[in-house]
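Only one structure is covered here, and it is reproduced in the block below.
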Amino acid sequence: MKDTIIRKVSVRELDAELFTPFTISTGSHRSMENAVFTLEAAGGVKGFGEAAIATHITGETREATMKSLRRAGELLRGADVSNYLAALCRLEGELDGNRAALAAAQMAVLDLATRLQGVSLWRFFGARTPSLKTDITVVIGGAKAAGAFTRKMRARGFKIFKIKTGVDMDEDFRRLEAVKKAAAGCAVYLDANCAYSAGEAEKFIKGLARRGIRPEVVEQPVKKDDIDGLAWLTRRLPMPVCADESAYSLDDVYRLISRRAVSAVNIKLTKLGFLRAREVWALARAKGIKLMMGEMLESELASAAAAHFAGGLGGFDFIDLDTPFFIKDSGMKGASFLSRDGVYSLDRVKAGIGVAPGAAR
Ligand SMILES: [Mg+2]
């Protein structure tokens, strides 16, 4: 049998505790409950993918995702991974209703194909930016907690703080002031995860300006279907307005751009899969739209895959791939190219994503 034929497939749960609950305006992760998808080629080389399950954001459950991954396994068993583009297209056709599974299955195909070729996923995508430094997220909570977390992460070397907002505006003002005090001179991004009306969002930004705080980007201030609200804010605010929940497909992004509704888009593999993510990247680049690379709650495996994608293609303005720093022990091995202060040194990876699950726990 040819060494590149997929011989074995496995699906398993990936569970880990968090240092602190990952809370946003629409809900909270108290632990990580993801899935790992493994492909093994006839020659013994393995490729890995991770499905990030964020039920409070996408509605996808782990049960359904595991089922979709088993289906992906049936599709891929016996296929020749050197024909990876056909495999990616087939998965996109079959798993469109479960994007977490789609991303994981495509990730495993690409990890395996690039390991077999002896190139990193970063090189495969174009080797444009050799290292990326992520922001760090300040989750919803009290002002005191926001200040203490920011102080700790600033001391560790983080310089960009992405503040989740949208539950209580007065508390959010206090939180932002605490962050500003703890990380003087550092950049701030905002992410409201759909919490405001357009008017409220403008009021919030103006309130921040009075406090001497100007975020570099405002992500998903309004409901995902409120395209008029996004367009209104894009016209009125001095900083880029970035779509995340509103940008769940290539069609979504096309519509947002043609209506001049946003000036930035957050690409997540878990929303789009790899093929469509690349299409969104190309469309945004052609239209002068800024790009953020984001993720759901993901271990080093999926986070590194996203970093390879963004660093390989290049042209990303905002990097938001920090969730490994919230996870106590994912069991992933090989991620030493991700430093404690959030730098992905992609040019150090020899083959594939460069991260693999340790022995099943
Ligand atoms: Mg977001």
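The values are calculated or read from the model by the stated rules, or taken from the named source; none is laboratory data. Everything quoted here is computed from the prediction, not taken from an experiment. When we count neighbours, we look across all protein chains shown, and the Cβ atoms used for this are built from the backbone with ideal geometry, even at glycine. Side chains are part of the model used for accessible areas, which takes the heavy atoms of the whole protein and leaves out ligands, DNA and RNA. Shrake-Rupley method; radii C 1.70, N 1.55, O 1.52, S 1.80 Å.
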- Query: Per-residue HN-Hα couplings for the range 34-47, Karplus 6.51 cos²θ - 1.76 cosθ + 1.60 at θ = phi - 60°, whole Hz, x for Gly and Pro?
  - Reply: 9, 9, 10, 10, 10, 10, 10, 7, 4, x, x, 6, 10, x
- Query: Largest first, what is the accessible-area ranking of V343, V167, V81 with a 1.4 Å probe?
  - Reply: V167, V343, V81
- Message: If you take every residue apart from P238 with its C-beta less than 12 Å away from the C-beta of P238, what net charge results, scoring Lys and Arg +1 and Asp and Glu -1?
- Response: +2
- Message: I'd like to compare 319-325, 212-218: which one has the highest average count of other Cβ atoms within 10 Å, and what's the full order after that?
- Response: 319-325, 212-218
- The answer for trypsin sites (Lys or Arg not before Pro) in the range 1-85 that fall in a DSSP coil and have at most 14 neighbouring Cβ atoms within 10 Å is K2, R77
- Note on the structure: Rounded to the nearest 5, the percent of DSSP beta bridges in the chain running antiparallel is 55 percent
- Note on the structure: Taking alpha-carbon centroids only, the range 83-102 lies from the range 282-336 a number of Å equal to 20 Å
- Item | Accessible area (Å², per residue) of the chain, counting only protein heavy atoms and a probe of 1.4 Å | 40 Å²
- Under unit Cβ charges (Lys, Arg +1; Asp, Glu -1), what dipole magnitude, rounded to 20 debye, does the chain have relative to its Cα centre? 920 debye
- Item | Solvent-accessible ranking of L85, L75, L233, largest area first, probe 1.4 Å | L85, L75, L233
- Task: Taking H placed 1.01 Å from N in the peptide plane, check which residues at least 5 places from L18 or on another chain put their amide H under 5 Å from its amide H.
- Result: M32, K328
- How much mean residue ellipticity at 222 nm does the chain get from its helices, if each DSSP H run of length 4 or more adds -39500 (n - 2.57) and you divide by all residues, to the nearest 500 deg cm²/dmol? -12500 deg cm²/dmol
- Selected from G166, P130, A282, residue furthest toward positive end of dipole (the range 123-356; charges at beta carbon): P130
- Item | Proximal lysines relative to K350, as straight alpha-carbon distance under 20 Å, when same-chain residues fewer than 8 apart are discounted | K46, K133, K333
- Say the dipole of the chain comes from +1 at the beta carbon of Lys and Arg and -1 at that of Asp and Glu; which of A184, A247, L301 then lies farthest toward its positive end? A184
- Message: Using only the Cα atoms of the range 38-196, what semi-axes does the equivalent ellipsoid have when each is the square root of 5 times a gyration tensor eigenvalue? Give whole Å, largest first.
- Response: 40, 21, 12
- Query: Counting only protein heavy atoms and using a 1.4 Å probe, what share of the accessible area of the chain belongs to carbon plus sulfur, as a whole percent?
  - Reply: 48 percent
- Query: To the nearest 10 square angstrom, how much accessible area does I289 have with a 1.4 angstrom probe?
  - Reply: 20 Å²
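List the equivalent ellipsoid semi-axes of the range 1-109 in whole Å, largest first, each obtained as the square root of 5λ for an eigenvalue λ of the Cα gyration tensor.
Taking √(5λ) for each eigenvalue gives 28, 15, 10 Å, largest first.
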- Query: Relative contact order (percent) for the chain, with alpha-carbon contacts under 8 angstrom and 6 or more residues of separation?
  - Reply: 20 percent
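For the chain, what is the Kirkwood hydrodynamic radius in Å, using each pair of distinct C-alpha atoms?
On the way: mean 1/r = 0.0489 Å⁻¹.
By the Kirkwood definition, the hydrodynamic radius is 20.5 Å.
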